[in-house]
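What follows draws every value from the coordinates through simple rules; no lab data is involved. Bear in mind that the values here come from a model prediction, so they are computed numbers and not experimental data. Cβ placement follows ideal geometry from the backbone for every residue including glycine, while neighbour counts extend to all protein chains displayed.
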Amino acid sequence: QVQLVESGGGLVQPGGSLRLSCAASGSIFSINAMGWFRQAPGKEREFVAAISRSGVTTYYADSVKGRFTNSRDNSKNLVYLQMSSLKPEDTAVYYCAAPSTYTVQPPRLSSQYAYWGQGTQVTVSS
């Protein structure tokens, strides 16, 4: 059984920073890449970032590249999304996700992920 739980969301002013955490239970964390997605009201879910099994390889959406940093601590079953220089358009519910099978490169499509957290709200507003 796999369970993912996000935390760390909240309200922040433009230009501020937040660090999201995703705690994973079950064996899926140590054998798979992990991804971050977000969904704003009235919009489709979109890819944000992904990290490889080892944590060495990371992918980012063009909209967040240079501002967000994905990392993981496999010894603690935690993945992090450090968000800096936040913009109002970053406002969304953020989800962490895990694929069901191993792939060489971290997936970027939501359809490639089998397990999802409940989401944490991030609001960027002045």
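A few remarks follow.
- Ellipticity at 222 nm from helices only: DSSP H runs of n ≥ 4 in the chain, each -39500 (n - 2.57), divided by the residue count, give -500 deg cm²/dmol.
- When you restrict to C-alpha pairs under 8 Å that are six or more residues apart and normalise by the size of the chain, the relative contact order lands at 36 percent.
- Cβ-defined net charge surrounding V56, 14 Å radius [Lys, Arg +1; Asp, Glu -1]: +1
- Local net charge near P106, Cβ-Cβ under 14 Å (Lys/Arg +1, Asp/Glu -1): +3
- Under 15 Å, Cβ to Cβ, from D73 - net charge with Lys/Arg +1 and Asp/Glu -1: +4
- Among beta bridges that DSSP assigns inside the chain, antiparallel share in %, nearest 5: 90 percent
- Modelled label reach - S125, point 7 Å along Cα→Cβ, the stretch 40-81 residues with backbone N closer than 16 Å: 40-42
- Length gained on full extension, K43 to Q13, computed as 0.36 nm times the residue gap minus the Cα-Cα distance: 8.6 nm.
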